[in-house]
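So the structure is just underneath, and the comments pick up after that.
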Amino acid sequence: MYHVVASDLDGTLLSPEHRLTPYTKETLRLLTARGVHFVFATGRHHVDVAQMRDNLEIEAYMITSNGARVHNTAGELIFSHNLDEDIAHDLYALKHDDPDILTNVYRNDDWFLNRHHPDEERYFQESVFRYQVYQPGLLPTDGISKVFFISDEPEKLVPLEEAIVARWGDRVNVSFSLPTCLEVMAGGVSKGHALEEVAKLLGYSLQSCIAFGDGMNDKEMLIMAGKGYIMRNAHQRLKDLLPEMEVIGSNLEDAVPHKLRELFL
């Protein structure tokens, strides 16, 4: 019944150490060998995800930057939706001088931070992806797939979310991928809408898709897919929003590959 599998990465397919376990890698290879279409659906940058895919040696579409970019199995960009330049310009400087909030920018093939923060590189266990430090007035505002804010004090990000929505409304899609990470994309951008495009290209409807996720940035994808699965370790706000949706195990237990084997293998 299901022909397309879309999965988030951090908190979902990846282990808590941000790795693909051997069991997960084997499962994805077996799945795609069966003719099931696998889709990475993540907030991560496409350069980072492409390395993961290449290391796995599987064919897979990539939905990245929460749906602002879609690449096909050949690695070609087939969909791109950037933040408006005036919004990007203002987001660069919004929290630039706040010592408790780190500003990240994905621009074309590059990743920028507002200051040095070596701890960020712990997320890249399956790839090599490095940031550059930017100054607000000097970084161009075109080609911006997303701007995101990270803080070890999540309570500081909630008023920021409210302020961004109040200021720009439907011109932005704002969501938490983790309680500590607030992401800002162009209005209308989501993993769900990107998955709809990918399914169409593969010759299927969203009803033929299943999706796995753990964050608020997975909300549209989980709702729009024919079947959605929420991780046990998911953001509580997501669980509260989708109380009827099936909850599986955690990413610590390889819950996604276990469910995939149960369904397809």
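The values are calculated or read from the model by the stated rules, or taken from the named source; none is laboratory data. Given the structure is predicted, the values throughout are model-derived calculations rather than measurements. Reconstructed Cβ throughout: ideal geometry from the backbone, glycine too, with neighbour counts over all protein chains shown. Note: accessible area is taken over every heavy atom of the protein model, side chains too, but ligands, DNA and RNA are not part of it. Shrake-Rupley method; radii C 1.70, N 1.55, O 1.52, S 1.80 Å.
Give the residue, chosen from Glu161, Glu183, that is open to solvent by less than 20 Å² (accessible area, probe 1.4 Å), under 19 Å from the mean Cα position of the chain (by Cα) and charged (D, E, K, R).
Glu183
Do the conditions hold for His96, that is, is it over 18 Å from Asn217 (Cα atoms), outside the structural domain of Arg29 (by the TED database) and either of a type in the set (Gly, Ala, Ser) or open to solvent by 70 Å² or more (accessible area, probe 1.4 Å) (or both)?
no
Please find, among Tyr61, Tyr23, the residue that is surrounded by fewer than 21 Cβ atoms within 10 Å (Cβ to Cβ), in contact with a helix residue (DSSP H, G or I) (Cβ under 6 Å, 6 or more places away or on another chain) and farther than 15 Å from Asn217 by Cβ.
The unique qualifying residue is Tyr23.
Please go through the stretch 220-265 and give me each residue that is assigned to a helix (DSSP H, G or I) and of a type in the set (Gly, Ala, Ser), ordered by number.
Answer for the stretch 220-265, where residues must be assigned to a helix (DSSP H, G or I) and of a type in the set (Gly, Ala, Ser): just Ala255.
Examine the stretch 243-257 for a residue that is open to solvent by 30 Å² or more (accessible area, probe 1.4 Å) and either among the basic types (Lys, Arg) or in contact with a His (Cβ under 7 Å, 6 or more places away or on another chain) (or both), and state whether such a residue exists.
No - not one qualifying residue is present in the stretch 243-257.
How many residues does the stretch 121-135 contain that are in a loop (DSSP other than H, G, I, E, B) and among the charged types (D, E, K, R)?
The total comes to 2.
Just wondering, is there one or more residues in the stretch 142-153 that are touching a residue at least 12 places away in the same chain (Cβ under 8 Å), within 18 Å of Ser65 (Cβ to Cβ) and assigned to a loop (DSSP other than H, G, I, E, B)?
Yes, because at least one residue in the stretch 142-153 is touching a residue at least 12 places away in the same chain (Cβ under 8 Å), within 18 Å of Ser65 (Cβ to Cβ) and assigned to a loop (DSSP other than H, G, I, E, B).
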